[in-house]
1. Considering the stretch 127-140 alone, what residues qualify as being surrounded by 19 or more Cβ atoms within 10 Å (Cβ to Cβ) and under 16 Å from L107 (Cα atoms)?
2. Return the residue satisfying two criteria in turn: it lies in the stretch 234-270 and is under 21 Å from the mean Cα position of the chain (by Cα) and among the hydroxyl-bearing types (S, T, Y), and of such residues it is most open to solvent (accessible area, probe 1.4 Å).
3. Just checking, which of V35, V112 is more than 27 Å from V243 (Cβ to Cβ) and β-branched (V, I, T)?
4. On the basis of being assigned to a helix (DSSP H, G or I), in contact (Cβ under 8 Å) with a residue 40 or more places away in the chain and within 24 Å of the chain's Cα centre (by Cα), does K171 make the cut?
5. Being in contact (Cβ under 8 Å) with a residue 40 or more places away in the chain and touching a strand residue (DSSP E or B) at 6+ places or on another chain (Cβ under 9 Å) is the filter; apply it to the stretch 69-81 and report the residue that is surrounded by the most Cβ atoms within 10 Å (Cβ to Cβ).
6. So which residues in the stretch 85-123 are in contact (Cβ under 8 Å) with a residue 40 or more places away in the chain, surrounded by 13 or more Cβ atoms within 10 Å (Cβ to Cβ) and of a type in the set (S, T, N, Q)?
7. Looking at the stretch 17-55, which of its residues are in a loop (DSSP other than H, G, I, E, B) and either within 30 Å of W166 (Cα to Cα) or free of Cβ contacts under 8 Å to residues at least 60 places away in the same chain (or both)?
8. Could you look through the stretch 184-202, keep only residues that are surrounded by fewer than 18 Cβ atoms within 10 Å (Cβ to Cβ) and in contact (Cβ under 8 Å) with a residue 60 or more places away in the chain, and pick out the one that is farthest from S218 (Cα to Cα)?
Amino acid sequence: MKTNVFPINYFTHIWTPQRVFQGRKLLKWWQIVFVFLFLNGLLMIPISLNYAKMDDFPAGAYFPETMELIDEDLVGFMQNVEVINGQLRSTADYFRETAEGIVAVGLMDKDVEAALEKNHVLLFLEDHFVLKEGKNPAFTVPYPKTFSFQDVTTRAEFQQLLSDAWFIQNKTYIVFSLTLITGTISFISMLFIVLGSALILYFTKMSKLSSIQTFKESINLILNCISLATIVATVIGIIHFNVIVMMLLQTIGLIFMLLAVYYKTQLKDEQFDNAG
């Protein structure tokens, strides 16, 4: 089997300091981009798996001001409101408007449109409730079949009840949003680390401290150095997810591999040849 073709040549030059340094000239620019995306994709595996397993998420993270509209008065009123087979049954209406927003139960359709013009809105209608935060679109959440206000006695329990129903309805959106945000942070962090480290390595050319001649060689070398650390960070992230720990492992692993490369080769081809 040929070992000098991509991606085999890449994978054979990420395991030892000597091979890492030797492989700094192997990748073309499109291969460098591919490897970078591949490594970032590895980090996305534990991120995606972790968020896909979520069974709860606080609605207050998306609707902080709106959820603050819930008070003990509303909790007490809703204890006398029934939800039967996803249909709200109330013998009285409830309406409270403050400088922060509107909370209402049993509004007519024409009044709902007027209420939604406010920035923070919490409405309990016949077959769903509505959450609106600021200028963002309103979220409509159907009442689950087992939904009930009867056992809710505190603001925290009330907020959790709404959060659970909202999460069930919008899990796909929430998981996608969190994965996108965390993935973007991971991508930017890794891009900064790779480009910053490669630039520092490239500057060694000016003082003739190394055999590195081009910026492409520097990036190739950094990608070789960070690969093993990324694989380890991915495995650790799957076992116990913590994106900060994953990024730290990746960075620390890169530093140690770079130090090992320098110790074994002094960044010079002749030193590498002597080291075997």
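The values are calculated or read from the model by the stated rules, or taken from the named source; none is laboratory data. Only a predicted model underlies this, so the values are computations on that prediction, with no experimental measurement involved. FYI the Cβ positions are ideal-geometry reconstructions off the backbone, even for glycines, and counts take in every protein chain you see. When the accessible area is computed, the model is the full protein with side chains, heavy atoms only, and any ligands, DNA or RNA have been set aside. Shrake-Rupley method; radii C 1.70, N 1.55, O 1.52, S 1.80 Å.
1. Of everything in the stretch 127-140, those that are surrounded by 19 or more Cβ atoms within 10 Å (Cβ to Cβ) and under 16 Å from L107 (Cα atoms) turn out to be F129, V130, L131, K132.
2. Here the answer is T251.
3. Among V35, V112, only V112 is more than 27 Å from V243 (Cβ to Cβ) and β-branched (V, I, T).
4. Taking the combined requirement at face value, the residue satisfies it.
5. So the residue we want is M78.
6. N119
7. K28, K53, M54, D55
8. So the residue we want is F187.
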